[in-house]
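The values are calculated or read from the model by the stated rules, or taken from the named source; none is laboratory data. Not measured: the values here are computed from a predicted model. Here the Cβ is made from the backbone with ideal geometry for all residues, glycine too, and neighbour counts use every protein chain on show.
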Amino acid sequence: MNLVKQYIIQAIVTASNNLRLSSEKIETVAILREHLAKCSSIENEITEMKKITSLSKFAIKLDEVYRFIATSKIDFLKISDRFKEHSHSLIRELSNVLDIVTPPNMKSILAEISNKSINVKLGDKQTQSLNIDEIRIHNEENQHVEKEETITEKIIMEDIKEEEDIDFEDFEKTIMKPVKELDLFFKKLENLSYTGEEINKYHELMEVNTKLSEKVGFEIITNMHRIIYNALSLIKENELTPVKETIESMRACLIVIVAVVRRKDVDITTYLNKAEKFGKNIYARKGRY
């Protein structure tokens with residue numbers, strides 16, 4: 001497998017690892033990964049994917065990654081940072097794809113793309129028998145279609161850049177910066193030594209970071225921030241007492257956030273389960289379930 005293909009496939013896999021996927025969604029990612037690994041031209045595959053409504057936005061992001069790795073001069077001293085940015089940029093659109101495309105759908109779509117690739121190759125041979133006028137008309141029609149696609153892609157790309165262009169390093173720093181302060185604040189909560197100003201400060205911060213995480217597509221990080229935010233809401237309203245068990249559950253949310261952002265290669269299942277169980281209790285109190 002060549003470098004370009006490896007880079008793109010690994011970026012997809014890394015993006016998927018930042019999402020909490022069901023077994024069905026994991027299968028869908030595996031089908032896509034295997035298809036790209038076996039395809040003869042990953043550029044052609046991405047081009048065809050951009051024509052499929054359910055894959056188009058994701059394919060546009062893939063195309064950005066492809067253009068970088070296939071055509072840019074690579075600085076291998078900085079490639080790791082660029083890879084993080086690229087894999088991060090795929091997360092939101094990959095999540096959207098996995099919400100609407102099932103494994104059978106993905107197989108069907110990719111089979112259709114493969115058939116088109118075969119037909120194109122056959123068509124190249126058939127055009128040799130076309131007369132000059134037919135070739136001219138054929139080329140003009142293709143140019144018209146390509147021009148329309150280019151204009152459409154440009155509009156979509158401009159919208160995405162204006163609305164969603166968030167630097168990965170800035171996001172990481174923003175999320176990680178208040179972690180130690182929060183941990184200390186949780187101890188104050190447990191000791192009932194906090195002030196109204198302090199709880200308002202961290203309540204607002206959790207709301208901001210929830211929205212930021214949601215915008216960039218980090219489902220797990222979003223959920224963990226949202227649980228802490230809602231727990232602080234209930235504590236502010238005197239509907240939840242910050243006893244030891246509550247504080248430990250909030251810290252579990254914080255541990256999951258750090259592990260996911262820093263990509264710690266550790267088993268966080270216990271913390272994640274504790275955080276999610278706590279979240280269900282919090283949402284039940286707030287009438288969400």
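Quick rundown of the values:
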quantity: Of all residues in the range 1-42 being in a helix (DSSP H, G or I), of a type in the set (A, V, I, L, M) and under 13 Å from the mean Cα position of the chain (by Cα), the one that is nearest to S108 (Cα to Cα); calculated: V29
quantity: Residue list for the range 61-81, restricted to those being aromatic (F, W, Y) and either over 20 Å from R92 (Cα atoms) or without any contact (Cβ under 8 Å) to a residue 40 or more places away in the chain (or both); calculated: F68, F76
quantity: Which listed residue is outside the structural domain of T222 (by TED's automatic domain parsing), touching a residue at least 24 places away in the same chain (Cβ under 8 Å) and of a type outside the set (F, W, Y), from S95, S108; calculated: S95
quantity: Unique match (being in contact (Cβ under 8 Å) with a residue 40 or more places away in the chain and within 20 Å of S16 (Cα to Cα)) among N223, N230; calculated: N223
quantity: Every residue from the range 43-60 that is in contact (Cβ under 8 Å) with a residue 40 or more places away in the chain, among the charged types (D, E, K, R) and not in a loop (DSSP other than H, G, I, E, B); calculated: E45, E48, K57
quantity: Within the range 219-230, considering residues that are at pLDDT below 90 and in contact with a Leu (Cβ under 8 Å, 6 or more places away or on another chain), the one farthest from I91 (Cα to Cα); calculated: I220
quantity: Pairs where the first residue, in the range 266-277, is more than 15 Å from I247 (Cα to Cα) and the second is part of a helix (DSSP H, G or I), C-beta under 7 Å, 6+ apart; calculated: V266/A259; I268/I255; I268/V256; I268/A259
quantity: Only one of S233, S213 that is surrounded by 13 or more Cβ atoms within 10 Å (Cβ to Cβ), modelled with pLDDT under 90 and in the same structural domain as V261 (by TED's automatic domain parsing); calculated: S213
